[in-house]
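Just below is one structure, and these are the notes that go with it.
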Amino acid sequence: MTRVLFVCVHNAGRSQMAEAFLNAMARESGAPVEAQSAGTVSGKELNPMAVAAMAELGISMEGHAPKLLTQPMADAADITISMGCGVDAEACPAKFLLTEDWELEDPAGQGLESVRVIRDQIQTRCRELLDRIAAQE
């Protein structure tokens, strides 16, 4: 089982969409991959535009909530991906080795049209990540 951790500041948009996409893709393909996401600060609620954008593709984020990054989460991850939010190492509640940074625009405060563009970028990157993981097994 390959464990992927998506890290963002508030864990309310990008990282939540990535977690939902990668888990859905892994279930559909039968790949032994599990995604989790967390924030270095953790928000209060999911970005409603991110939830709506994912629902358009039939992926429910019901039951998802922002989570604070913990050291056990970081330690369990085989791959750790930052979403492009400039995670502050000094403020981070856990230490981790960053595998890659996806450098995605923040959907916070943006309308649905803009969030769809970010969602589609995340979907593409999750598909590519799953392909890379499969090629290594």
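Every number here is computed from the coordinates shown, using simple stated rules; none is lab data. Predicted, not measured: the structure shown is a model, and the values here were computed from it. When we count neighbours, we look across all protein chains shown, and the Cβ atoms used for this are built from the backbone with ideal geometry, even at glycine.
With the cut-off at under 16 Å, measuring from each backbone N in segment 1-39 to a point 7 Å along the Cα-to-Cβ line of ALA76 picks out 1-7, 19-20, 23, 33-39.
By the count of neighbouring beta-carbon atoms within 10 Å, fewest first, VAL33, VAL7, VAL117 end up ordered VAL117, VAL33, VAL7. Here the peptides 12-20, 73-81, 119-127 are ranked by packing, the mean other Cβ count within 10 Å, and the order with the highest first is 12-20, 119-127, 73-81. The value of relative contact order for segment 2-136, using C-alpha pairs under 8 Å at least six residues apart, is 31 percent.
Amide H contacts of SER37: PHE6, each under 5 Å away and 5 or more positions distant or on a separate chain (H built 1.01 Å from N in the peptide plane; Pro and chain starts excluded). Potential lengthening of the chain between SER29 and ALA134 amounts to 36.8 nm, from the contour at 0.36 nm per residue minus the alpha-carbon distance. Remark on THR80: its backbone amide H falls under 5 Å from those of LEU5, THR99, GLU100, a criterion applied only to residues 5 or more positions apart or on other chains, H modelled at 1.01 Å from N. For the pair THR99 and LEU68, a Förster radius of 25 Å applied to the C-beta separation gives a FRET efficiency near 0.80, rounded to the nearest 0.05. Considering only Cα atoms, the convex hull volume of segment 1-44 works out to 48 Å³ per residue.
Which of rounded, prolate, oblate describes segment 42-84, given a ≥ b ≥ c as roots of the alpha-carbon gyration tensor eigenvalues and a/c under 1.5 marking rounded, otherwise prolate only if a/b is larger than b/c? Note, shape of segment 42-84 comes out prolate.
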